[in-house]
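J.: Once you've had a glance at the structure underneath, I'll fire off some questions.
Where a number appears in this text, it was derived from the coordinates with a stated rule and is not lab data. Computed from a prediction, not measured in an experiment: that's the story for all the values here. Here the Cβ positions follow ideal geometry from the backbone for every residue, glycine too, while neighbour counts run over all protein chains shown.
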Amino acid sequence: MPEPEGETAERLSLAPAERRLLVALRAADGLREEAELSGELALPEDTVRGSLQRLRSKRLVLVEEEHLEHPRLTPRGEETLKRSLPERRLLQLLAERPDGIAPDALTSAGFDPEERSAAIGRLRRLGLLVDGSPLRVKPGTPVPETLPEERVLRAVADELGEIDPAVFDGLQRRGLVRKEHETIRRWTTSPEGRSLTLPSDDRPQLGALTGALLRSGAWRAGEFRPYDVLAEVPYLGGARPHPYLAWLEEFEEILVGLGFQQGEGPLLETEFWNADVLFMPQEHPARSIHDALSLSATAGHLPPKGLLERVAAAHEGRPMAAGELPISPGWRARYDPQIARRPVLRSQTTSVSARFLAQRPAAPFRMYCLDRNLRRDAVDATHHVEFRQCEGILGGEGVSLRTLVGVFRSLAEAIGIREIRIRPSYFPFTEPSIEGYVRHPTLGWIEVLPGGMFRPEVLRPLGVEVPVAAWGIGVTRLAMVALGVNDIRELFEDDLARLTGGTG
């Protein structure tokens, strides 16, 4: 049975701004945009937007949405447009030096490492440079007056319509341009909104009795809006996981999907498992790389005697058993079991890998450990005393550094990171060693993917006879990139408004 019109009007409660907007939409011929209504009624755009949404929840208005994308320069792109693209600056430099210039000399010419790489790579792809070093323009090759990237940068700055999408995507990967999303909403009245009977007077309707209204007596001149017990209430969510912890769970699911099993180890370790078994010298500056937090007035337990003896032989450069040759010259220093039993707070989850290999030396194996570590670090945007590390090992015949790079790329792509840079590095227990860098939108390139191939001095004392790729991914920094966090300390805070996106 249809509801009487009077009862519908009585049940609906309209704030003054809602009533004015409904009257304006009734008088309009067609759809109206929020900015138009704001100017016509002299109401702030936020008030117009919120009031229209409330009218929509009361089924009095309808909306059509148009989603637009606008190409825009990033702050870095604006600076590049002023200074010229690195490839253009390199062409100008080569024009001044026809005999060429060494790539390393570009730093003194004002190119940072990223600009140098981008400039050389782009000009080589365009076929403008001779092969090898020094850098020179190919003889007889015409140099274009305007590069495609320069045209697109200028078109974006001038807000021109025709832009080459392939060139734009390349500039976007370089962090010079971005796409700005805009939603345009156009409103009109619904059949219910057109038929609703509105009060004929313009007396203000009050929504609450406040102290100010009581003191001034202004409540006598107004009329209180009826309380709508059928109105929808704001949604309040229950408990939810911390965004950082939720992201870590997703990252673990990716590793399990790649065939890795979880390994675990104690947070309170001994120097033996935290460093000695990884062929880190007992009294050497290399030990300070991890700057572990030690405990006093106590001592830990030593490993089984056979394992301790094999690790001591590797450190001292002795044969591990009669008739064998030494693995290497070792550190040419006496190995001290008393240092090995010192308790420390775990500074790296590589100790979990060592424990895993000691218990399961037979290949093949895939293991990961995503857990906490502690170091004596100065806290800043990318360092914290406590951090999580994703340790991993992959062992078997045919495993190589190429295998490790493939794992790094697969993990990065799985969490939506497309840009990754790999370069040689050094770690005491892997050789060769590499570092993988990913780009943070604010902090630039940060190192998050260190790894390498375990040295024989690590593997043979543990009884492992196959090559083993190992890594210790800085998942806390990786989470900063994936979650758009600019300071590592934000991942450990308890600001509910920030953690819940301001929804309470």
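J.: Looking at GLY451, LEU370, VAL256, which one has the Cα that reaches farthest to the positive end of the dipole of the stretch 246-492 (charges on Cβ: Lys, Arg +1; Asp, Glu -1)?
T.: Looking along the dipole axis, the top candidate is GLY451.
J.: If one takes the longest principal axis of the Cα atoms in the chain, at what angle in degrees, from 0 to 90 and to the nearest 10, does the Cα axis of helix 350-359 lie?
T.: Orientation of helix 350-359: about 60 degrees from the principal axis.
J.: Can I ask one more? For ARG76 paired with VAL233, estimate the spin-label separation in nm (one decimal), with each label point 7 Å from Cα along the Cα-to-Cβ line.
T.: About 4.8 nm, to one decimal.
J.: Now for a separate question. Provide the per-residue ³J(HN,Hα) series for the stretch 169-179, in order, calculated from phi with Karplus coefficients 6.51, -1.76, 1.60 and θ = phi - 60°, each as a whole number of Hz, with x at glycine and proline positions.
T.: Result, rounded to whole Hz: 4, x, 5, 5, 5, 7, x, 9, 9, 8, 10.
J.: Compute the angle between helix 113-125 and the longest alpha-carbon principal axis of the chain, please, reported from 0 to 90 degrees and rounded to the nearest 10.
T.: 90 degrees
J.: Hey, what did the chain get for relative contact order, percent, Cα under 8 Å, at least 6 apart?
T.: 12 percent
J.: Rounded to the nearest 0.05, what FRET efficiency do ILE163 and SER133 give with R0 = 41 Å and r taken as the Cβ-Cβ distance? Could you check?
T.: 0.70
J.: Counting only residues 5 or more places away or on other chains, whose amide H sits under 5 Å from the amide H of LEU62 once H atoms are built in the peptide plane?
T.: Amide H neighbours of LEU62, under 5 Å, 5+ apart: THR188, THR189, SER190.
J.: Sticking with this one: Placing +1 on the Cβ of each Lys and Arg and -1 on the Cβ of each Asp and Glu in the chain, which of MET280, GLY306, LEU230 has its Cα farthest towards the positive end of the resulting dipole?
T.: GLY306
J.: Taking H as built 1.01 Å from N, whose amide H comes closer than 5 Å to the amide H of VAL466, not counting residues under 5 places away?
T.: none
J.: Grab the Cα-Cα distance for ARG423 and ILE184, subtract it from 0.36 nm times how many residues apart they are, and report the gain in nm with one decimal.
T.: 81.5 nm
J.: How do SER133, SER117, SER353 rank when sorted from fewest to most other Cβ atoms within 10 Å of their own Cβ?
T.: SER133, SER117, SER353
J.: If Lys and Arg each add +1 and Asp and Glu each add -1, what is the summed charge of the other residues whose beta carbon sits under 15 Å from the beta carbon of ARG72?
T.: -3
J.: How many percent of Cα pairs in the stretch 316-442 exceed 19 Å?
T.: 68 percent
J.: Here's something else I'd like to know. Taking the alpha carbon gyration tensor of the chain, what are the square roots of 5 times its eigenvalues, largest first, to the nearest whole Å?
T.: The equivalent ellipsoid of the chain has semi-axes of 61, 37, 19 Å.
J.: What is the sum of charges around ARG334, taking Lys and Arg as +1, Asp and Glu as -1, for the other residues whose C-beta is under 12 Å from the C-beta of ARG334?
T.: -1
J.: Could you give the length gained by full extension between ARG220 and ALA105, i.e. 0.36 nm per residue of separation minus their alpha carbon distance, to one decimal place?
T.: My answer for the length gained is 33.3 nm.
J.: Note down the net charge around VAL405, summing +1 for each Lys or Arg and -1 for each Asp or Glu among other residues with Cβ under 13 Å from its Cβ.
T.: Spelling it out: positives minus negatives among the neighbours equals +2.
J.: When the expected Rg is taken as 2.2 N^0.38 Å, what fraction or multiple of it is the alpha-carbon Rg of the stretch 246-492?
T.: 1.00
J.: If each residue's Cβ is checked for other Cβ atoms within 10 Å, how do HIS315, HIS301 rank with the fewest at the top?
T.: Arranged by neighbour count, lowest to highest, HIS315, HIS301 become HIS301, HIS315.
J.: Now, a different point. So what's the angle, to the nearest 10 degrees on a 0 to 90 scale, between helix 45-57 and the longest Cα principal axis of the chain?
T.: Approximately 80 degrees, to the nearest 10.
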